1. Name every residue in the range 54-86 that is farther than 26 Å from Ser244 by Cβ, in contact (Cβ under 8 Å) with a residue 40 or more places away in the chain and open to solvent by 50 Å² or more (accessible area, probe 1.4 Å), in order of residue number.
2. Take the range 39-83 and flag every residue that is in contact with a Lys or Arg (Cβ under 9 Å, 6 or more places away or on another chain) and among the β-branched types (Val, Ile, Thr).
3. Restricted to the range 130-141, and to residues that are part of a helix (DSSP H, G or I) and open to solvent by 10 Å² or more (accessible area, probe 1.4 Å), which residue is nearest to the ligand (Cβ to nearest atom)?
4. Only residues that are within 14 Å of the ligand (Cβ to nearest atom) and either in a helix (DSSP H, G or I) or in contact (Cβ under 8 Å) with a residue 24 or more places away in the chain (or both): list them for the range 111-128, please.
5. Can you name the residue in the range 21-53 that is basic (Lys, Arg) and away from the ligand (no atom under 16 Å from the Cβ) and, of all such residues, is least open to solvent (accessible area, probe 1.4 Å)?
6. Looking at the range 93-106, can you tell me whether even one residue there is more than 16 Å from the ligand (Cβ to nearest atom) and either open to solvent by 20 Å² or more (accessible area, probe 1.4 Å) or touching a residue at least 60 places away in the same chain (Cβ under 8 Å) (or both)?
7. Looking at the range 155-219, what strands (runs of 3 or more DSSP E) fall wholly within it and have at least 1 residues that are out of contact with any Gly (no Cβ under 6 Å at 6 or more places or on another chain), within 16 Å of the ligand (Cβ to nearest atom) and modelled with pLDDT of 95 or more?
8. Test Ile229 against the stated conditions and say whether it is crowded, with 20+ Cβ neighbours inside 10 Å and either more than 17 Å from the chain's Cα centre (by Cα) or at pLDDT 95 or above (or both).
Amino acid sequence: MTLLDGKATSAQIKEEIALEVQKLTASGIRAPHLAAILVGSNGASLTYVNAKVKACAKAGFESTLVELSEEISENDLLNEIEKLNTNPEIDGFIVQLPLPKHIDEQKVLMAVNPDKDVDGFHPTNVGKMALNLPSFLPATPYGILELLERYKVETSGKHVVVIGRSHIVGSPMSILMSQKRTAGNATVTITHSRTKNLKEITLQADIIIAALGIPEFLTADMVKDGVSIVDVGITRITDETKKSGFRLAGDVHFESVSKKSSFITPVPGGVGPMTIAMLMKNTLLAAKIRS
Ligand code: GUN
């Protein structure tokens, strides 16, 4: 079993990015600038956004965190987005999800200038991605492709089973892995909460991408020997033995499934850190296109 080490791989990618930033700034071009909008004070979102901002600083980026009240109106949020759209110093920005219930997420994502949409969530970028045209790939699927590529996990002709059909992970992942690309050319099955006989399908998988958000859902009896596993889930579970009062669990029962796996991502330290590195890669690309 080989661990797909997202912590080490993302550190390497961030070093590559930092070197590029050094070259850019040495040639007189300003450092890439990422902004993040955080609405409200959801604990997990705050952790993720802070990690993104910290990683930017470490690689020599500029970063701006726009913290807004949970009660902000949709209109006021759209105004904040417009400010970032038109601010020439900002190369790319993200609106951290989830948003409070009174705000229409789709409306918000559509308000982001596609050229600054480093999350790749705007319909223009989703469309380009689906057509395999150059675009900003959503960071989590992009990070998974990068991990599979760098560890040389064979995907061509393999059966990839994606569990979950979210717009952020499951849906784009299923599209990307079926395309003609290095970590692609796979035969893809996308499954979800209405899928019948899921276990019958996962037992046929060479690669499983678990992105459904149910802790330790995928168990050893659901996978074949030699399977490769990408675990996208990250859920806080109450654990009184921890100082924080919680532990992090993936969508995969790591202890049992890892024994049958060729490759597997740990949680934490797998997909999560890759997401941040790929967001930075997108921001660097946005800055280069704009300069
Ligand atoms: N919430 C969970 N994942 C993501 C992500 O990749 N981007 C944003 N903006 N919000 C998220």
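1. none
2. Within the range 39-83, just Val66 meets the criteria.
3. So in the range 130-141, the residues part of a helix (DSSP H, G or I) come out as 130, 139-141.
With the extra rule that they be open to solvent by 10 Å² or more (accessible area, probe 1.4 Å), the set shrinks to 130, 140.
On the way: Ala130: 18, Thr140: 5 Å.
Only one residue fits best here, namely Thr140.
4. Filtering the range 111-128 down to residues within 14 Å of the ligand (Cβ to nearest atom) leaves 111-112, 116-122, 125-126.
Matches in the range 111-128: Ala111, Val112, Lys116, Asp117, Val118, Asp119, Gly120, Phe121, Asn125, Val126.
5. At the first step, the residues of the range 21-53 found to be basic (Lys, Arg) are 23, 30, 52.
Add one more test, that the residue is away from the ligand (no atom under 16 Å from the Cβ), and what stays is 23, 30.
Numbers: Lys23: 148, Arg30: 112 Å².
For the range 21-53, the residue satisfying everything is Arg30.
6. Looking only at the range 93-106, we keep the residues that are more than 16 Å from the ligand (Cβ to nearest atom), and these are 102.
Narrowing the set further to residues that are either open to solvent by 20 Å² or more (accessible area, probe 1.4 Å) or touching a residue at least 60 places away in the same chain (Cβ under 8 Å) (or both) leaves 102.
Yes, some residue in the range 93-106 is more than 16 Å from the ligand (Cβ to nearest atom) and either open to solvent by 20 Å² or more (accessible area, probe 1.4 Å) or touching a residue at least 60 places away in the same chain (Cβ under 8 Å) (or both).
7. Numbers: elements: 159-163, 187-191, 207-210.
Once the strands (runs of 3 or more DSSP E) in the range 155-219 are filtered for at least 1 residues that are out of contact with any Gly (no Cβ under 6 Å at 6 or more places or on another chain), within 16 Å of the ligand (Cβ to nearest atom) and modelled with pLDDT of 95 or more, what remains is 207-210.
8. Details: crowded, with 20+ Cβ neighbours inside 10 Å: yes; either more than 17 Å from the chain's Cα centre (by Cα) or at pLDDT 95 or above (or both): yes.
The answer is yes for Ile229.
The values are calculated or read from the model by the stated rules, or taken from the named source; none is laboratory data. Bear in mind the structure is a predicted one, so any value in this text is a computation, not a measurement. Neighbour counts are summed over all protein chains in view; Cβ atoms, including those assigned to glycine, are modelled from backbone coordinates with ideal geometry. Accessible surface areas use protein heavy atoms only, side chains included; no ligands, DNA or RNA. Shrake-Rupley method; radii C 1.70, N 1.55, O 1.52, S 1.80 Å.
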